[in-house]
Amino acid sequence: MSDLAASCASHTNRFNVFLVFLVMVFAPASHAAEAQIPSPLQSGVEVVSDDLRKLQGDDFANPGMLWVVRGEKLWSEPAGKRGQTCAACHGDAPKSMKGVAARYPRVDAGAARLVNLGDRINLCRERNQQAEALRRESDELLALTAYVAHQSRGVAVAVTLDPRNRRDFERGRDQYQKRIGHMNLACTHCHDRNWGRKLAAETISQGHGNAYPAYRLEWESVGSLQRRLMVCYFGVRAEIPDYGAQELLELELYLAWRGNGLFVETPGVRR
């Protein structure tokens, strides 16, 4: 958690300076527990600087591509007791994995639970390769996740709701709208009510996860959407869930549904 603590600490001064501003802007208001989709729908890349937008769009300059390249190598490396490669089952990733990331999180039938793309990669390792699960937020898991997600770049997010994930979705929606932490704020206060407004030098985005795993300059690394969500928990002075916590998965599902129609951008670049 040291990397996370460092990235969280980098936000401290900014949040302290604007504490009074936030309390005034995000005045108490009641919110119906309804699923909300921003209109017009806008990816986070549209509110970053021109330099970052160009950096994300240039595969030779985008630092996140280093993880994609590493993931490509891991795709063809034998793992586990069976010495099986990902390619042995799934073949050519640009073909077999195209569109896959756009459908996650989803309920895995075998595990009978909600999983994100990284979880699904680990389940595949354990079941088919008889290999140990990769540590959450490890370079190896981020690389494989980024590589698989990269094959869906340009594909529209298309998360579907059904009886299997409905309760997960509803809990994610409720979590998104729930006031938490010492600042008594919810995700909706920033990303529904105030997107497009300035907070310090940055423009508040709609909070979509279609660029993750993404390279953030403040991290000097690629990180998962869960890592970014944990920074938000820190920002509102709330108890930070552990990686893989059910509430984070449910929140990821709600955010993915809320961003249906946006294109997958992995690896995104953010400040």
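The values are calculated or read from the model by the stated rules, or taken from the named source; none is laboratory data. Since this is a predicted model, take the numbers as computed values, not measurements. When we count neighbours, we look across all protein chains shown, and the Cβ atoms used for this are built from the backbone with ideal geometry, even at glycine. The area values use the complete protein model at the heavy-atom level, side chains included, leaving out ligands, DNA and RNA. Shrake-Rupley method; radii C 1.70, N 1.55, O 1.52, S 1.80 Å.
For A87, are the conditions met, namely being within 29 Å of P163 (Cβ to Cβ), in contact with a Ser or Thr (Cβ under 6 Å, 6 or more places away or on another chain) and among the hydrophobic types (A, V, I, L, M, F, W, C)? Judged against the criteria, A87 is not a match. Listed by first and then second residue, the pairs with beta-carbon distance under 9 Å, at least 6 apart or on different chains, first residue in the stretch 54-71 and within 15 Å of R271 (Cα to Cα), second charged (D, E, K, R) and surrounded by 15 or more Cβ atoms within 10 Å (Cβ to Cβ), are Q56/E265; Q56/R270. Restricting L74, L66 to those that are touching a strand residue (DSSP E or B) at 6+ places or on another chain (Cβ under 9 Å), hydrophobic (A, V, I, L, M, F, W, C) and part of a helix (DSSP H, G or I) reduces the list to L66. Among the helices (runs of 4 or more DSSP H) confined to the stretch 142-260, the ones with at least 2 residues that are modelled with pLDDT of 95 or more and touching a strand residue (DSSP E or B) at 6+ places or on another chain (Cβ under 7 Å) are located at 246-258. Of the conditions (1) surrounded by fewer than 16 Cβ atoms within 10 Å (Cβ to Cβ); (2) without any contact (Cβ under 8 Å) to a residue 60 or more places away in the chain, E218 satisfies every one except a single condition; which number is it? Checking E218 against (1) surrounded by fewer than 16 Cβ atoms within 10 Å (Cβ to Cβ); (2) without any contact (Cβ under 8 Å) to a residue 60 or more places away in the chain, the one that fails is (2). Checked against (1) assigned to a helix (DSSP H, G or I); (2) over 23 Å from W257 (Cα atoms); (3) under 21 Å from the mean Cα position of the chain (by Cα), R120 meets all criteria but (2). Residue check: is E72 modelled with pLDDT of 95 or more, touching a Cys at 6+ places or on another chain (Cβ under 9 Å) and open to solvent by 40 Å² or more (accessible area, probe 1.4 Å)? So E72 fails the test.
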